[in-house]
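The structure under discussion appears below in the form of structure tokens.
The values are calculated or read from the model by the stated rules, or taken from the named source; none is laboratory data. This structure is a prediction, so every number in the text was calculated from the model and none was measured. Here the Cβ is made from the backbone with ideal geometry for all residues, glycine too, and neighbour counts use every protein chain on show.
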Amino acid sequence: MKQVLMCIKARVRRTTEIRIMRKTFNESLSIVALGCSALLFSVAGCSRAPEAPPKQVQINADDKMKFDVTAFEATPGQKISVTLKNVGTTPKFSMGHNFVMLDRNTNVQTFLDAASMQASHDYVPPDAKGVLAHTKLLGPSETETVTFNAPYVPGDYIYLCSFPGHYSQGTKGVMTVK
Ligand SMILES: [Cu+2]
């Protein structure tokens with residue numbers, strides 16, 4: 001009888017030991033799994049390409065109604081930061097300048113006709129179709145930066161100042177996506 005009891009006790013002890021071992025094994029397994037996933041996460045984090053800084057384009061507009069940058073290039077989808085500065089001295093109401101980037105196939109004359117009626121909206125109709133990005137109308141020494149993504153469709157995109165009469169004088173340019 002005593003022997004049987006001892007045997008049972010020994011078996012219980014062994015079972016408990018196995019259980020503890022199993023628990024420890026499971027714990028270390030989960031720690032390893034955690035470590036693996038952390039590693040995978042960091043590898044995935046490293047392999048993701050960092051976002052490229054936007055392409056900077058500085059454009060000056062003057063009292064002679066000219067943009068000093070009349071062409072620049074972009075890659076499809078590239079982030080572009082255009083900074084327009086009005087380097088003139090003539091008051092805004094008679095010589096303000098803005099920067100308006102139009103979508104391809106936008107009829108420039110139709111847009112300008114509509115824009116000319118929108119002095120209170122800085123000559124950019126709020127409901128205008130085909131405007132990819134624009135600044136407000138800037139007076140002397142004023143600057144504004146507008147950031148946008150270049151379209152994915154390659155081609156020529158016209159940008160302009162929509163103050164009445166300025167486009168035909170030379171406040172215009174072309175962004176070529178290629
Ligand atoms: Cu202008």
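Take residue 174 and decide whether it is part of a strand (DSSP E or B) and touching a His at 6+ places or on another chain (Cβ under 7 Å). It is false that residue 174 is part of a strand (DSSP E or B) and touching a His at 6+ places or on another chain (Cβ under 7 Å). Residues in region 154-178 that are crowded, with 18+ Cβ neighbours inside 10 Å and within 13 Å of the ligand (Cβ to nearest atom): 10 in all.
Residue under question is residue 105, and the condition is that it be touching a Gly at 6+ places or on another chain (Cβ under 9 Å) and either within 16 Å of the ligand (Cβ to nearest atom) or closer than 18 Å to residue 172 by Cα (or both); does it hold?
The answer is yes for residue 105.
Each residue in region 48-64 was checked for being part of a strand (DSSP E or B) and within 16 Å of the ligand (Cβ to nearest atom), and 3 of them qualify.
Restricting attention to region 65-101, and to residues there that are in a strand (DSSP E or B) and of a type in the set (A, V, I, L, M), which single residue is surrounded by the fewest Cβ atoms within 10 Å (Cβ to Cβ)? Among those that are in a strand (DSSP E or B) and of a type in the set (A, V, I, L, M), it is 71.
Among the residues of region 127-153, those that are modelled with pLDDT under 95 and exposed (fewer than 14 other Cβ atoms within 10 Å of the Cβ) comprise 127, 129. When the test is whether a residue is among the charged types (D, E, K, R), touching a helix residue (DSSP H, G or I) at 6+ places or on another chain (Cβ under 9 Å) and within 11 Å of the ligand (Cβ to nearest atom), residue 129 does not pass it. So, of the residues in region 132-153 that are closer than 14 Å to residue 96 by Cα and of a type in the set (Gly, Ala, Ser), which turns out to be nearest to the ligand (Cβ to nearest atom)? Filtering first and then ranking leaves 139. Of the residues in region 85-99, none is away from the ligand (no atom under 12 Å from the Cβ) and closer than 21 Å to residue 176 by Cβ.
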